[in-house]
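Below you'll find the structure, written out as structure tokens, and then a few comments.
The values are calculated or read from the model by the stated rules, or taken from the named source; none is laboratory data. Worth saying up front: this structure is predicted, and the values here are computed from it rather than measured. Here the Cβ is made from the backbone with ideal geometry for all residues, glycine too, and neighbour counts use every protein chain on show.
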């Protein structure tokens, strides 16, 4: 019966650590939301600036990339740039969270 008392203490300590980690993660997520990243596609023909909240801040299209005979190519370049920008935000978030969790393999969505 008394053998389990040690486990209860460990559990309380673990919960405290998890709460602290959760607070640090929330603070980091807020900081990351203010960051921006620039991504380009088509050799720089399309440039996208995205925030850490996955909001497109700006989209620049080189006039040379605008071919009225090939709008589909332009659409593909814009989609590729936006998708790459979103991926970069996800990668940045994962990398920064990995620094906090020290490589713990926590299930996504846990925090």
Quiz prompt | Every residue from segment 87-99 that is in contact (Cβ under 8 Å) with a residue 12 or more places away in the chain and farther than 11 Å from residue 52 by Cβ | solution = 97
Quiz item: Looking only at segment 38-59, which residues are over 30 Å from residue 26 (Cβ atoms) and surrounded by fewer than 14 Cβ atoms within 10 Å (Cβ to Cβ)?
Solution: 43, 44
Exercise. Among the residues of segment 30-58, write down those that are part of a strand (DSSP E or B), in contact with a helix residue (DSSP H, G or I) (Cβ under 9 Å, 6 or more places away or on another chain) and within 25 Å of residue 96 (Cβ to Cβ).
Key: 37, 38, 39, 40, 41, 47, 48, 49, 50, 51, 56
Exercise. With the condition kept exactly as written, say whether any residue in segment 21-33 is modelled with pLDDT of 80 or more and in contact with a strand residue (DSSP E or B) (Cβ under 8 Å, 6 or more places away or on another chain).
Key: yes
Exercise. Answer yes if at least one residue in segment 76-87 is touching a helix residue (DSSP H, G or I) at 6+ places or on another chain (Cβ under 9 Å), surrounded by 14 or more Cβ atoms within 10 Å (Cβ to Cβ), at pLDDT 90 or above and part of a loop (DSSP other than H, G, I, E, B), and no otherwise.
Key: no
Quiz item: Would it be correct to say that residue 92 is modelled with pLDDT under 80 and assigned to a helix (DSSP H, G or I)?
Solution: no
